[in-house]
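Heads up, the thing below is written out as structure tokens.
Read-outs throughout are calculated quantities, based only on the coordinates presented, and are distinct from any laboratory measurement. This one's a predicted model, so the numbers in the text were calculated from it and none came from an experiment. Positions of Cβ are generated from backbone atoms using ideal geometry, with glycine treated the same way; all protein chains shown enter the neighbour counts.
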Amino acid sequence: MSEPIMRRTQSSRAVGSPCSSERRVYSPIVKALSLCSVLSVLMFASAPVLASAEDAAEFSVVSAKAQSSLLLDVSSLGKRLVSVGDRGHVLFSDDNGANWVQAKVPTKQVLTAVFFIDATHGWAVGHDAQILATTDAGTTWVKQFEDLELEAPLLDIWFKDLSNGYAVGAYGALLETTDGGANWEDISDRMDNEDAYHLNAIVEVKDSGLFVVGEQGVMFRSPDWGQTWETLESPYEGSLFGALGTNESATLLVYGLRGHLFRSTDFGSTWQPISLNTENNGPLEFGLADGGRLPDGSIVVVGHGGTVLKSTDNGQNFTVTNRADRLSLAGVAAMENGNLILVGQGGVHTATPAGADLGQQQ
């Protein structure tokens, strides 16, 4: 049986023989690209190039079915919701997810993550190491960066303010900008990641700094907001797809394959496993892909098989909802009315605050 499909990266190691049985695979819920072709290009990749206004832009195809296609992340800007996914699709809604408008986007590549620093300025990342930016709450987008040689995805992005940000991705990619994305610099050598493990998520931890997780359970933290990085001992050797800072100082969650979920209250120095049981009191076997903090202070983590976890005590305990459709989920955000927007397989889904289906796929 194959591993669960997830939004983030799952892989085993075989850099020397990319087409062997021990092949590395990235971008789970997504899937599309052949690993062998990606690695053959990677070994001879040239330096990334910045996209210019003179480049012939290839825009995502407008489709009436875009909101039911594969979506990989969603962000709440207050009244507006913005989601990204397959084929360069970016959708936004201003009515609690009842209706969605497809934005004009200069790419047909899969977009894997979206991040907004305020109600208007945001960035999205995706395949071909692309980085897109918006200054009008996701209505229109421009391409800031891409690496056409690599043919590998960026998987997450985070900004401290309008100028300073980082993007992480496959094969240990770590990029930095200090000018709002006008220029991006490869700073992967700041991390001790000799095996080039995929970096799947980057998050802020309250009063502490930045935290990155990835393939084979790798963990890195930066108390100086990205200037230096420390390698940490992981509580789990399997891939971690996501991380989430809580409302408490120095406290965060990490999660990944087969329902593994851990909590730290000291910026990753020590970890406590969180036990998750299904409705039938069995262990949770599905992988966990993404999570978010909701306006009421609660935490929601979603994953494969329609799994929705919710905590009202900063991640110490979780309730488990297994949605009837069992579709894999890749992102979650809260609507103004307190209900949830879930995205993943099947596109956009509306749910109760606990994750139960409201009875209609949007």
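For segment 246-328, applying the loop criterion from DSSP together with a ceiling of 11 other beta carbons within 10 Å to the GluC sites (Glu not before Pro) yields 279.
Summing charges over all other residues whose Cβ lies under 14 Å from the Cβ of residue 350, with Lys and Arg as +1 and Asp and Glu as -1, gives -3. Extension gain for the segment residue 324 to residue 192, taken as residue separation times 0.36 nm less the Cα-Cα distance, is 43.3 nm to one decimal. Taking the Cα-to-Cβ direction at residue 183 and at residue 352 and moving 7 Å from each Cα, how far apart do the two end points lie in nm? Going by the 7 Å Cα→Cβ label model, 5.4 nm. When 104, 65 are arranged by Cβ crowding within 10 Å, least crowded first, meaning fewest neighbours, the order is 65, 104.
Sparse packing (at most 12 other Cβ atoms within 10 Å of the Cβ) combined with a DSSP loop state is found for none of the trypsin sites (Lys or Arg not before Pro) in segment 185-257.
In summary, the aspartates and glutamates within cross-link reach of residue 310, defined as a Cα separation below 15 angstrom excluding same-chain residues under 8 places away, comprise 279, 290, 296, 357. Computed packing ranks the peptides 262-274, 84-96 as 84-96, 262-274, most packed first, by mean other Cβ atoms within 10 Å.
Please work out whether segment 104-194 counts as rounded, prolate or oblate from its C-alpha gyration tensor, where a ≥ b ≥ c are the square roots of the eigenvalues and a/c under 1.5 means rounded, while otherwise a/b larger than b/c means prolate and anything else oblate? Oblate is the answer for segment 104-194, as a/c is 1.5 or above yet b/c matches or exceeds a/b. Between residue 119 and residue 102, the contour length at 0.36 nm per residue exceeds the alpha carbon distance by 4.3 nm.
Each other residue within a Cβ distance under 13 Å of residue 96 adds +1 if Lys or Arg and -1 if Asp or Glu, for a net charge of -1. Bridging of residue 65 to lysines at a Cα separation below 27 Å is possible for 31, 79, 104, 108, 143, once same-chain residues fewer than 8 apart are set aside.
Other residues with beta-carbon under 9 Å from the beta-carbon of residue 119 carry, at +1 per Lys or Arg and -1 per Asp or Glu, a net charge of +1. Modelled spin labels at residue 64 and residue 337, positioned 7 Å past Cα toward Cβ, are 2.5 nm from each other. Check the straight Cα-Cα distances from residue 206 and name the lysines below 16 Å, setting aside those fewer than 8 residues away within the same chain. Counting by Cα, and skipping residues close in sequence, residue 206 has these lysines nearby: 160.
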